[in-house]
Amino acid sequence: MTFCLIRVRVAPRSARDEVTGWQDAVLRVRVRAAPVEGQANEAVCRLIAKQAGVPPSAVEVVSGGSARTKTLRLAGLSGEEARTRLTPL
């Protein structure tokens, strides 16, 4: 199965859920959820899945669960596909 790893910098408690773009090799995202009991992690996974066009179960936090910078695994996408799909218009 194809998968890729992406680094994500999260800004919790934002006004809206959005992918703001790439800064070097890190994807910057904002989520409304607070960083309490994994709520922000779940919101990030849902947002990335929706933006990438994959089911939520295909996105998983593999490191940085309690940090702002996280590593996510996206199943079913190559690194190039993920970067293209996650780049905001």
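The values are calculated or read from the model by the stated rules, or taken from the named source; none is laboratory data. Only a predicted model underlies this, so the values are computations on that prediction, with no experimental measurement involved. Reconstructed Cβ throughout: ideal geometry from the backbone, glycine too, with neighbour counts over all protein chains shown.
For this structure, a couple of remarks:
- Qualifying residue in segment 35-42 (condition: touching a helix residue (DSSP H, G or I) at 6+ places or on another chain (Cβ under 9 Å) and at pLDDT below 95): yes
- Tally of residues being touching a Lys or Arg at 6+ places or on another chain (Cβ under 8 Å), more than 19 Å from Ala67 (Cβ to Cβ), in a loop (DSSP other than H, G, I, E, B) and of a type in the set (A, V, I, L, M, F, W, C) across segment 1-56: 1
- Set Arg28, Arg13: member being modelled with pLDDT of 95 or more and more than 10 Å from the chain's Cα centre (by Cα): Arg13
- Looking across segment 61-82, the residues that are at pLDDT 95 or above, out of contact with any Asp or Glu (no Cβ under 8 Å at 6 or more places or on another chain) and either crowded, with 16+ Cβ neighbours inside 10 Å or β-branched (Val, Ile, Thr) (or both) come down to Val61, Val62, Thr69, Lys70, Thr71, Leu74.
- Search result, residues across segment 21-34 that are in contact with a Pro (Cβ under 7 Å, 6 or more places away or on another chain) and in contact (Cβ under 8 Å) with a residue 24 or more places away in the chain: Gly21
- Qualifying residue in segment 25-35 (condition: exposed (fewer than 15 other Cβ atoms within 10 Å of the Cβ) and under 13 Å from Phe3 (Cβ atoms)): no
- Count of residues meeting criterion [outside any loop (DSSP other than H, G, I, E, B) and among the small types (Gly, Ala, Ser)] in segment 57-71: 3
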